[in-house]
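Novice: My questions all concern the structure below.
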Amino acid sequence: MAQADLNDYGYRTFKLGNFTFWRDEYFAHIEWPGGSHLAPVDKFLKALIRDVAWNFFYGVVNFDEVFGTTNHYGTVDVFAGLYNPGYTARGRQYVENLNGDTARAIFGDMLDDWTVEGFDPFAAPEETGSAFGPKRGNNRRAIKRVRVVAKRMAGMKDDTPLRNDHNGYPVNRQFRDVPQDEPEVHAEPGFEDEVHAFNFFGYLSRSDVTWNPSVCAAVKDSLLCPTTEEFALPVIHGNDRVEWFIQLSDEIHWEVADRETGVPRARAVMKPGDVSAMPADIRHQGFSPKRSMLLVWENADPTLPDLYAKKKLKPNPVDF
Ligand code: PHB
Ligand code: FE
């Protein structure tokens with residue numbers, strides 16, 4: 001790349017539709033016809049890496065109260081102010097519907113160029129370096145991690161492997177007390193590849209990332225997506241379907257708000273064993289004071305967003 005294409009801080013500028021993205025030492029800057037926004041660059045990169053890794057996730061990924069994406073599974077809306085009444089009340093929101101692969105490729109290039117040596121946007125604050133300053137090196141090892149997506153279940157034949165000290169997944173500093181023994185499996189002859197069990201807590205204790213649900217077991221559209229959490233979820237997720245949460249260890253505080261406006265609706269403090277069904281019409285953000293284990297249960301049925309949008313399904317799956 002010619003030096004002329006780099007800004008004074010050594011970073012590239014990116015265009016996506018009519019949006020322009022650039023960074024300086026501290027901030028990501030976003031510009032669009034009629035407006036502009038900035039976000040601390042560490043916060044922006046932590047949201048960006050998840051939006052890229054999750055292929056825009058389910059529904060809305062708010063990077064903050066202004067900028068984000070809405071997944072239409074093939075295309076994606078990239079927006080500014082669309083879910084912020086301060087913008088919408090004055091008609092100042094801006095949204096472009098773009099090809100999902102194109103948007104993801106540009107976001108991926110931006111993530112690659114703007115992530116400096118030592119900064120790992122998936123890691124807990126104590127496990128990562130600084131995102132600030134002029135361009136220095138890169139951190140491809142951190143940003144090109146392959147997302148765990150089990151076909152059947154982690155550790156089965158031809159499936160995503162279990163984790164151990166030898167394949168790069170030592171027990172995390174916060175989970176040293178988690179037992180590492182494995183269950184014994186005695187399968188009938190011929191069923192060795194069909195019967196399987198593993199120490200789920202041991203597996204999670206070796207996760208090297210935070211706030212990154214990964215598919216560890218799948219039965220048709222039913223996806224078990226456990227994740228380890230520490231500090232704050234770097235996005236505010238707007239659901240397009242119900243999500244079930246089971247708190248496996250420690251504690252997460254959830255702020256739950258109206259998906260469209262952000263008006264607060266509830267706070268849920270989840271302790272080990274607590275189960276919640278997050279409605280299909282909310283946005284939420286989690287805060288985990290210590291590293292914790294959370295099981296997110298997703299229903300990947302592609303017909304769900306439309307059924308909720310047309311109110312053929314109630315946003316809450318249970319009435320108390
Ligand atoms: C969610 O928005 O539902 C979500 C995202 C990431 C997590 C956990 C939950 O790690
Ligand atoms: Fe969610």
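No lab work stands behind these numbers, since they all come straight from the coordinates. None of these values were measured; they are calculated from a predicted model. Cβ: placed from backbone, ideal geometry, glycine included. Neighbour counts: every protein chain shown.
Novice: By how many degrees, between 0 and 90 and to the nearest 10, does the Cα long axis of helix 41-53 differ from the longest principal axis of the chain?
Specialist: 60 degrees
Novice: Still on this structure, please answer the following. Relative to the longest principal axis of the C-alpha atoms of the chain, give the angle of the C-alpha long axis of helix 100-114, reported between 0 and 90° and rounded to the nearest 10°.
Specialist: Here the helix axis deviates by roughly 80 degrees.
Novice: Counting pairwise Cα distances across region 132-276, what percent come out greater than 21 angstrom?
Specialist: The share of Cα pairs beyond 21 Å in region 132-276 comes to 55 percent.
Novice: Right, here's the next one. Which whole-number percent is the relative contact order of the chain (Cα, under 8 Å, 6+ apart)?
Specialist: Values: 655 pairs, mean separation 44.6, N = 320.
Normalised by residue count, the contact order of the chain is 14 percent.
Novice: Taking K290 as the anchor, which lysines have their alpha carbon closer than 24 Å to its alpha carbon, excluding any fewer than eight residues away along the same chain?
Specialist: K43, K46, K271
Novice: Continuing with this model, one more query. Helix-derived [θ] at 222 nm for the chain: sum -39500 (n - 2.57) over DSSP H runs of at least 4, divide by residue count, nearest 500? List each step's numbers first, then the result.
Specialist: Values: 6 runs with 48 residues, N = 320.
It lands at -4000 deg cm²/dmol.
Novice: Separate question: Which value in Å does the Kirkwood hydrodynamic radius of region 65-110 take, with 1/r averaged over all unlike C-alpha pairs and then inverted? The partial results should precede the final answer.
Specialist: Values: mean 1/r = 0.0905 Å⁻¹.
For region 65-110, the Kirkwood estimate is 11.1 Å.
Novice: On a straight-distance basis, which lysines could pair with K151 in a cross-link, Cα separation under 26 angstrom, same-chain partners fewer than 8 positions away excluded?
Specialist: Qualifying lysines at Cα under 26 Å: K220.
Novice: For the chain, with the dipole built from +1 on Lys and Arg beta-carbon atoms and -1 on Asp and Glu ones, taken about the Cα centre, which of F107, A277, P121 lies farthest toward the positive end?
Specialist: F107
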